[in-house]
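We did not get these values from a lab; they are worked out from the coordinates using the rules stated. Just so you know, these numbers come straight off a predicted model, no measurement behind them. Please note: Cβ atoms are built from the backbone with ideal geometry, for glycine as well, and neighbour counts cover all protein chains shown.
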Amino acid sequence: MFRREIPLAWLQLIRRKGRFLTAIAGIAFANILILMQLGFQNALYDSNTRLHNRLSADLVMLNPTAQNLSNLNTFPRRRLFQAENFPQVASTAPLYVSIAFWKNPQTRRDTSIIVLGFDPLRPAFNLPELP
């Protein structure tokens with residue numbers, strides 16, 4: 001005859017229901033915090049790579065001394081023409097990036113924004129709203 005025994009660990013958990021519920025609540029809270037942190041991490045990554053993902057380019061040329069998007073250094077325009085001479089390159093187009101200061105007309109507060117400039121006949125971004 002088969003006899004089923006209740007595990008000792010389960011008996012210890014349900015003996016003090018208050019402690020058991022407190023432990024369950026603590027574990028659930030820790031899991032919620034971990035999931036929130038993963039969500040924040042994904043949002044940070046997505047917001048920082050959105051511009052790069054929308055570029056309509058297979059190859060991007062940067063000055064080797066560029067540190068980040070807000071601290072880019074220029075390079076001579078002739079480098080674009082030199083790159084265009086390669087048979088594998090269909091076309092080249094410059095993308096101008098600069099930091100500008102803008103004053104909000106409602107709050108009168110100054111803030112810095114990134115300004116992007118490109119030839120409107122050859123859009124630099126894959127945005128359906130752009131044309």
- Query: Gaussian network model of the chain, Cα springs within a sub-10 Å range: biggest mean-square fluctuation belongs to which of F86, F75, F20?
  - Reply: F20
- Item | the range 23-126: trypsin sites (Lys or Arg not before Pro) falling in loop per DSSP and having at most 13 other Cβ within 10 Å | R77, R108, R109
- Message: Classify the range 57-131 from the C-alpha gyration tensor, please: rounded if a/c falls under 1.5, else prolate or oblate depending on whether a/b exceeds b/c.
- Response: oblate
- Query: Cα axis of helix 17-54 to longest principal axis of the chain: angle in degrees, 0 to 90, nearest 10?
  - Reply: 10 degrees
- Message: In 5 Å bins starting at zero, report the fraction of Cα pairs in the chain per bin as a rounded %.
- Response: 2, 7, 10, 12, 12, 10, 7, 6, 5, 5, 4, 4, 5, 4, 4, 2, 1, 0
- Item | Rg [Å, one decimal], Dmax [Å, integer] - the range 7-54, C-alpha atoms | 19.3, 58
- Between the residues N85, A23, A9, the Cα farthest towards the positive end of the dipole of the chain, that dipole coming from +1 and -1 charges on the beta-carbon of Lys, Arg, Asp and Glu, is from A9
- Can you give the helix-only mean residue ellipticity at 222 nm for the chain, where every DSSP H stretch with n ≥ 4 adds -39500 (n - 2.57) and the sum goes over all residues, rounded to the nearest 500 deg cm²/dmol? -13500 deg cm²/dmol
